[in-house]
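Working notes for the structure below.
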């Protein structure tokens with residue numbers, strides 16, 4: 001296993017990292033999804049014990065992910081925040097202010113409803129970069145019907161998919177489960193790709209992961225390593 005692996009998606013060379021971030025050289029951009037910043041603080045308000053160290057470690061991981069590529073821009077694929085602004089979100093503002101030569105963009109997610117008024121964080125509903133169409137939630141997503149995404153719904157709402165573009169999303173917190181003999185199971189976060197959609201794992205530590213139940217190309221993340229699981233249906 002490795003700390004990063006390269007994968008071609010949508011005609012772009014994508015470097016996938018063990019922390020769940022993805023760097024695209026042609027776009028000079030780092031993509032990160034579902035940080036859910038402030039979730040620990042929300043848990044503590046609800047009486048759920050959550051160590052502050054979890055947040056501090058998460059911010060350190062974020063800075064490391066960003067600093068790997070010194071001149072790159074950063075795109076957050078939604079759910080950067082988790083509910084209302086709190087003390088934990090101030091650390092992100094400080095990190096962004098320390099990087100004046102980068103452009104930070106948030107593709108708004110369903111948990112990003114209390115957005116800060118920061119001049120150095122661009123906020124959009126949808127973002128097109130090269131052949132990537134970036135949104136948070138895949139069209140047609142409905143877990144009650146066991147459908148994480150639908151190509152027909154995506155084509156209906158995003159005409160660019162008919163012209164060779166591909167979709168890059170978050171929201172679903174994809175995961176994979178390796179099964180061995182007996183009851184042996186290993187669950188892990190994962191990147192997911194098929195011919196028209198790529199879904200990044202949740203970057204946040206308090207986020208978990210879920211089986212998509214879809215055939216595609218998976219890259220699993222376990223113990224600070226990334227491994228190519230290949231084409232399979234999780």
### Task
Show the residue pairs that are 6+ apart or on different chains and have beta-carbon atoms under 6 Å apart, the first residue being within segment 199-220 and without any contact (Cβ under 8 Å) to a residue 60 or more places away in the chain, the second being surrounded by fewer than 19 Cβ atoms within 10 Å (Cβ to Cβ) and part of a loop (DSSP other than H, G, I, E, B).
216/194
### Task
Could you check residue 111 against (1) touching a helix residue (DSSP H, G or I) at 6+ places or on another chain (Cβ under 8 Å); (2) surrounded by 14 or more Cβ atoms within 10 Å (Cβ to Cβ); (3) assigned to a loop (DSSP other than H, G, I, E, B) and say which number it fails?
(1)
### Message
Looking at segment 108-135 only, could you name the residues that are in contact with a strand residue (DSSP E or B) (Cβ under 7 Å, 6 or more places away or on another chain), at negative phi and touching a residue at least 60 places away in the same chain (Cβ under 8 Å)?
### Response
111, 129, 131, 132, 134
### Task
Kindly check whether there is at least one residue in segment 11-19 that is closer than 13 Å to residue 169 by Cα and buried (at least 20 other Cβ atoms within 10 Å of the Cβ).
no
### Task
Sort through 75, 64 and tell me the only one that's assigned to a strand (DSSP E or B), under 20 Å from residue 202 (Cα atoms) and touching a residue at least 40 places away in the same chain (Cβ under 8 Å).
75
### Summary
Of the residues in segment 156-183, those that are surrounded by fewer than 15 Cβ atoms within 10 Å (Cβ to Cβ) and either modelled with pLDDT of 90 or more or outside any loop (DSSP other than H, G, I, E, B) (or both) come to 156, 157, 159, 162, 163, 177, 178, 179
#### Entry: Qualifying positions in segment 78-105 - in a loop (DSSP other than H, G, I, E, B) and in contact (Cβ under 8 Å) with a residue 40 or more places away in the chain
78, 79, 80, 82, 83, 84, 85, 86
### Query
Take the residues of segment 209-234 that are surrounded by fewer than 18 Cβ atoms within 10 Å (Cβ to Cβ) and in a loop (DSSP other than H, G, I, E, B): which is nearest to the chain's Cα centre (by Cα)?
224
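The values are calculated or read from the model by the stated rules, or taken from the named source; none is laboratory data. All values reported here derive from a predicted model rather than from experimental measurement. Note: ideal-geometry Cβ built from the backbone for every residue, glycine included; neighbour counts use all protein chains shown.
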